[in-house]
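Peer 1: Just dropping this structure here.
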C-alpha cells in the first residue's frame, strides 16, 4: 500500500515574515504506523501538519505522499489521501448544520447524494454523534465540536489521518472517547500533541521536533520515558509516568 507512505525529504519551510519553521526535516512513515509528533511550542509541529496535504508547500525539499511529490498541481489529489483535523474545530465547521458540514467534503469529491448520505451517517456514528446531525455547530459543546470535526475528515475516507492537538479543551470522558476512536482507525495516524499521555496510549512511534529539526525518532515508550531527552526539548514525562519516575521505576 504505497499510497499510504509519507516521506519528508530534507523539508524546510520559511514563512513570509522570515520565520524559518522547519530546517531540513527528513523521515518516512509507513502504512499503518501511528506516529506522534511532539515538541515545545514553536518547534514546528503545526507547520509540519499543514505541509502534509498542501495547506503549505515546502520552501525547500520534498513532501511525498504515496510516491507523489506535493506541488500546486498535485495537492488537490493528495488532500483526498490525507485528512487533517485542525486544533480549533471552528476552523472546520462552517455550514448551517452538522450534517451539511460532514457532507461538504464528499459532495466536493463528486459523490452522489446517496453515497454522501452513507458516508455522513457512518462517520457521525463512528464518533458517536449521529444524533447531532440536525444541530447547528455553534450550539455544540467543545467535545462535540471536536468529534464532529473528526467526522468531517472521516467522511472523506482518507488513507492517512493527521491531527493537531486533538485532545485540547476536552473533558476527561471526551478525551477517553477520542483515544478509543483513534485506536480503532486502521490506517496511518500522525498526531501532533502536547498531551504526551495520549501519544503514549495511541502512537507506537514518536518524532521529537526541536527548533524545526528532528531531535529524536523512535519507539514512543523509549522516547517519552527518556527524562534527559524530554528536558532537553522543554518537555516533561507523561503524567502517568511521573510518579513512577519519582519511585525510580523508569529512571535512566
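The values are calculated or read from the model by the stated rules, or taken from the named source; none is laboratory data. All values derive from a computational prediction rather than experimental measurement. All Cβ positions, even for glycine, are placed from backbone atoms using ideal geometry, and neighbour counts span all protein chains on display.
Peer 1: Select from the range 14-31 the residues that are in contact with a helix residue (DSSP H, G or I) (Cβ under 9 Å, 6 or more places away or on another chain) and more than 22 Å from residue 194 (Cα to Cα) and list them in ascending order.
Peer 2: 15, 30, 31
Peer 1: Still on this structure, please answer the following. If the requirement is being out of contact with any helix residue (DSSP H, G or I) (no Cβ under 7 Å at 6 or more places or on another chain) and within 20 Å of residue 146 (Cβ to Cβ), which of these qualifies: 49, 109, 78?
Peer 2: Details: 109 fails: within 20 Å of residue 146 (Cβ to Cβ); 78 fails: within 20 Å of residue 146 (Cβ to Cβ).
Sole residue among the options that is out of contact with any helix residue (DSSP H, G or I) (no Cβ under 7 Å at 6 or more places or on another chain) and within 20 Å of residue 146 (Cβ to Cβ): 49.
Peer 1: Taking only pairs six or more apart or across chains, which ones have beta-carbon atoms under 6 Å, a first residue in the range 230-245 that is assigned to a helix (DSSP H, G or I), and a second residue that is surrounded by fewer than 20 Cβ atoms within 10 Å (Cβ to Cβ) and modelled with pLDDT of 90 or more?
Peer 2: 239/197; 240/197
Peer 1: Considering only residues that are part of a loop (DSSP other than H, G, I, E, B) and buried (at least 23 other Cβ atoms within 10 Å of the Cβ), which ones fall in the range 27-48?
Peer 2: Of everything in the range 27-48, those that are part of a loop (DSSP other than H, G, I, E, B) and buried (at least 23 other Cβ atoms within 10 Å of the Cβ) turn out to be 39, 43, 44.
Peer 1: Now a separate question. Tell me, please, whether a residue that is out of contact with any strand residue (DSSP E or B) (no Cβ under 8 Å at 6 or more places or on another chain) and either surrounded by 21 or more Cβ atoms within 10 Å (Cβ to Cβ) or free of Cβ contacts under 8 Å to residues at least 12 places away in the same chain (or both) can be found in the range 156-166.
Peer 2: Scanning the range 156-166, I find no residue that is out of contact with any strand residue (DSSP E or B) (no Cβ under 8 Å at 6 or more places or on another chain) and either surrounded by 21 or more Cβ atoms within 10 Å (Cβ to Cβ) or free of Cβ contacts under 8 Å to residues at least 12 places away in the same chain (or both), so the answer is no.
Peer 1: Out of 153, 148, 208, which single residue is more than 23 Å from residue 93 (Cα to Cα) and either in contact with a helix residue (DSSP H, G or I) (Cβ under 6 Å, 6 or more places away or on another chain) or buried (at least 20 other Cβ atoms within 10 Å of the Cβ) (or both)?
Peer 2: Details: 153 fails: more than 23 Å from residue 93 (Cα to Cα); 148 fails: more than 23 Å from residue 93 (Cα to Cα).
The match here is 208.
Peer 1: Considering only the range 222-235, state which residues are within 23 Å of residue 189 (Cα to Cα) and loosely packed, with under 15 Cβ neighbours inside 10 Å.
Peer 2: Within the range 222-235, just 222 meets the criteria.
Peer 1: Please count how many residues of the range 27-68 are more than 18 Å from the chain's Cα centre (by Cα) and either outside the structural domain of residue 6 (by TED's automatic domain parsing) or at pLDDT 95 or above (or both).
Peer 2: Result for the range 27-68: 5.
Peer 1: Can you find a residue in the range 181-190 that is part of a loop (DSSP other than H, G, I, E, B) and either surrounded by 21 or more Cβ atoms within 10 Å (Cβ to Cβ) or in contact with a helix residue (DSSP H, G or I) (Cβ under 9 Å, 6 or more places away or on another chain) (or both)?
Peer 2: yes
Peer 1: Another question about this same structure. Show me the helices (runs of 4 or more DSSP H) entirely contained within the range 49-141 in which 3 or more residues are buried (at least 21 other Cβ atoms within 10 Å of the Cβ) and touching a residue at least 24 places away in the same chain (Cβ under 8 Å). Let's see the steps before the verdict.
Peer 2: On the way: elements: 75-79, 98-108, 113-126.
In the range 49-141, 98-108, 113-126 are the helices (runs of 4 or more DSSP H) which contain 3 or more residues that are buried (at least 21 other Cβ atoms within 10 Å of the Cβ) and touching a residue at least 24 places away in the same chain (Cβ under 8 Å).
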